[in-house]
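Everything on this sheet refers to the single structure shown next.
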Amino acid sequence: MLYGIAAATASFLLAALLAGLLRAPALRLALVDRRRRRPVPLLGGAAVVLVTGLVAWAGEWTGVVPLGPATGRLLTAAVAVGALGLAADVWRLRRRWVVAGSAVAAACVVPYGVTGPVAGGLAVVWIVLVAAAFQGLDHADGVAGTVGVVTAFGVAACAAAEVMDALAVLLSVLAAALTGFLLHNWHPARVALGACGSLFAGFLLAGAAVFTRAGHDPGAGAGVLFALTAVAGADAALVLVSRRLAGRPLLRGGPDHLAHRLRRLGLTPQGAVAVLGTASFAGVLVGVLVHTGWAGRVAVLWVAGGAVVAVAALSRVRVYGPARRARAVSRAASGAAAVPCVASTQGAPQRSIFPVRQTRGAEKPQVSAPLRVRNG
């Protein structure tokens, strides 16, 4: 108990200090994200990964809180996914490589002996989807950090109920590190998680949730896992559905996430984070109650219904209109430029829209040889 408090305090202070120190190198290396025309450095996630790993492994080295084989393997895989996210931040890796690396890491940590091969394969897919969904949450100030802190506390409560002390301590360390990071990520953000921190947090939370539900009823387990990550799932579903209906590429970024739409409804940046944090807390609370047996599995249906209503309501908020009009104007201008200028033979000559430079007699043609046109 005392070590958990000391570890969380150390994580909070170290993450706050290291996130502030990494801001200058990120600006110098141009590792930034543009948010409302202001550059936000992306190395805040590296601070969260380093602090969480160092504090957790310190407990392993000292023998105070041994991680154990399963938890240590989960932390190692999460750090590897965070390193892959850092490479994506630096070198702009294609998304398929990030997804493939996350899938390989997830396949190495799922407890197939308890879940079985079929449920284990589904768990791998779910971990990858949650990690990608958390990466999508890092689009606005404070959103990913707030949802991550709430989810970490919820999954830690589930782990404590299963007497998984090492996993509970690891998640409390992650929650403290994200809280220290939020000191710099609250609006206006000075640092951001980037793919490094968001993939690490999402992967670690999803993998820990799978560990806590391993061996339980698969149907109730799926409901608990959904409730614990309802906000991230609703955000991903809203983005995919809205882009599909608008005919936009699914992987092209845009202001179409939950926080963006709440801002368009008139909320402040802090108000949007408060709404999403409250929604995340409600879903996590239901998941913990169902996991511990204080509520029936039917309670998860309320979370699912709320998520469906929120996605349906916010999908009606227009976010693509200006972009479509700009593209239409651009296409019209390009079409007008392609029309040749023809002089009128009746009446006064028409004035060309675009100025045409008249060829002087002293100028020589640039091409003297006859042109050859190759068909096909």
task = State yes or no: is residue 113 over 22 Å from residue 33 (Cβ atoms), at pLDDT below 95 and not in a loop (DSSP other than H, G, I, E, B)?
result = yes
- Has segment 183-204 got at least one residue that is within 19 Å of residue 281 (Cα to Cα) and open to solvent by 20 Å² or more (accessible area, probe 1.4 Å)? yes
Out of (1) in contact with a helix residue (DSSP H, G or I) (Cβ under 7 Å, 6 or more places away or on another chain); (2) closer than 29 Å to residue 250 by Cα; (3) hydrophobic (A, V, I, L, M, F, W, C), the one residue 40 does not meet is (1)
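Residues are listed down the side, and each one gets a yes or a no for (1) open to solvent by less than 10 Å² (accessible area, probe 1.4 Å); (2) not in a helix (DSSP H, G or I):
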{"position": "223", "(1), (2)": "no, no"}
{"position": "240", "(1), (2)": "no, no"}
{"position": "259", "(1), (2)": "yes, no"}
{"position": "274", "(1), (2)": "no, no"}
{"position": "280", "(1), (2)": "yes, no"}
{"position": "296", "(1), (2)": "no, yes"}
Looking across segment 45-57 at residues that are more than 30 Å from residue 255 (Cβ to Cβ) and in contact (Cβ under 8 Å) with a residue 40 or more places away in the chain, the single one that is most open to solvent (accessible area, probe 1.4 Å) is 54
Sole miss for residue 108 among (1) touching a Ser or Thr at 6+ places or on another chain (Cβ under 8 Å); (2) surrounded by fewer than 16 Cβ atoms within 10 Å (Cβ to Cβ) is condition (1)
Residue set 125, 114, 104; condition of a type in the set (A, V, I, L, M, F, W, C) and more than 21 Å from the chain's Cα centre (by Cα); output residue 114
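Would you point out which residue out of 22, 2, 27, 42 is within 22 Å of residue 93 (Cβ to Cβ) and free of Cβ contacts under 8 Å to residues at least 40 places away in the same chain?
When all the criteria are applied, what remains is 27.
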Among residues of segment 242-257 being outside any helix (DSSP H, G or I) and open to solvent by 30 Å² or more (accessible area, probe 1.4 Å), the residue farthest from residue 137 (Cα to Cα) is 247
Counting only residues in segment 1-32 that are crowded, with 17+ Cβ neighbours inside 10 Å and not in a helix (DSSP H, G or I), the one modelled with the highest pLDDT is identified as 22
- In this structure, does residue 166 turn out to be under 22 Å from residue 63 (Cα atoms), assigned to a helix (DSSP H, G or I) and at pLDDT below 95? yes
Taking first residues from segment 288-301 that are more than 18 Å from residue 156 (Cβ to Cβ) and second residues anywhere that are among the small types (Gly, Ala, Ser) and exposed (fewer than 13 other Cβ atoms within 10 Å of the Cβ), the pairs with Cβ under 9 Å that are 6 or more apart or on different chains are 297/219
Residues of segment 58-73 being within 27 Å of residue 136 (Cβ to Cβ) and surrounded by fewer than 19 Cβ atoms within 10 Å (Cβ to Cβ), in sequence order, are 73
Output for Cβ contacts, cut-off 9 Å, separation at least six or different chains, first residue farther than 13 Å from residue 50 by Cα and assigned to a helix (DSSP H, G or I) in segment 63-89, second open to solvent by 20 Å² or more (accessible area, probe 1.4 Å) and basic (Lys, Arg), reads 88/94; 88/95
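How many residues, within segment 238-274, are of a type in the set (Val, Ile, Thr) and in contact with an Asp or Glu (Cβ under 8 Å, 6 or more places away or on another chain)?
We begin by selecting, within segment 238-274, every residue of a type in the set (Val, Ile, Thr); these are 239, 241, 268, 273.
Now narrow it down to the ones that are in contact with an Asp or Glu (Cβ under 8 Å, 6 or more places away or on another chain): 239, 273.
So the answer is 2.
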Those residues of segment 136-159 which are open to solvent by 10 Å² or more (accessible area, probe 1.4 Å), part of a helix (DSSP H, G or I) and either acidic (Asp, Glu) or modelled with pLDDT of 95 or more (or both) amount to 146, 149, 150, 153, 156, 157
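The values are calculated or read from the model by the stated rules, or taken from the named source; none is laboratory data. What you see is a predicted model, and the numbers here were worked out from it, not measured in a lab. Here Cβ is always computed from backbone atoms with ideal geometry, including for glycine, and neighbour counts include all displayed protein chains. Note: accessible area is taken over every heavy atom of the protein model, side chains too, but ligands, DNA and RNA are not part of it. Shrake-Rupley method; radii C 1.70, N 1.55, O 1.52, S 1.80 Å.
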